[in-house]
Amino acid sequence: MTNDQTPAPAHRGPELGQLRRPRLTGEKRDEVRAAMADAYNKDKTTSVRSLAELHEVSYGLAWTLLHEAKVVLRDRASGLRKGSK
């Protein structure tokens with residue numbers, strides 16, 4: 001308890017400025033999955049993290065969507081090394 005005798009929040013949530021994103025389901029999920037897969041396959045320097053930021057989803061969800069789209073993920077930084085094709 002704090003000094004003013006109000007209980008401290010038991011978990012983090014909107015009252016502390018952390019808003020949850022709505023679930024990505026249905027057609028919207030299919031659209032985002034297809035867009036991410038196309039972008040990842042077209043540009044060899046695009047990272048999973050940059051796609052997650054672009055589509056406003058977590059890194060974990062971006063990885064899951066690419067996996068669902070059967071995209072073969074590149075090695076880390078493979079598009080950034082000199083001499084890569």
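Just to be sure before I move on: is Arg33 among the charged types (D, E, K, R) and modelled with pLDDT of 95 or more in the structure I sent? For Arg33, the condition - among the charged types (D, E, K, R) and modelled with pLDDT of 95 or more - is met. Glu56: modelled with pLDDT of 85 or more, loosely packed, with under 14 Cβ neighbours inside 10 Å and in a loop (DSSP other than H, G, I, E, B), yes or no? Considered against the rule, which asks whether it is modelled with pLDDT of 85 or more, loosely packed, with under 14 Cβ neighbours inside 10 Å and in a loop (DSSP other than H, G, I, E, B), Glu56 comes out as yes.
Restricting to the stretch 1-30, name every residue that is modelled with pLDDT of 75 or more and part of a loop (DSSP other than H, G, I, E, B). Walk me through it before giving the result.
Taking the stretch 1-30 as the starting set, the residues that turn out to be modelled with pLDDT of 75 or more are 22-30.
Selection gives Pro22, Arg23, Leu24, Thr25.
The values are calculated or read from the model by the stated rules, or taken from the named source; none is laboratory data. Since we're looking at a predicted model, the values are computed, not measured. All Cβ positions, glycine included, derive from the backbone under ideal geometry; neighbour counts span all protein chains shown.
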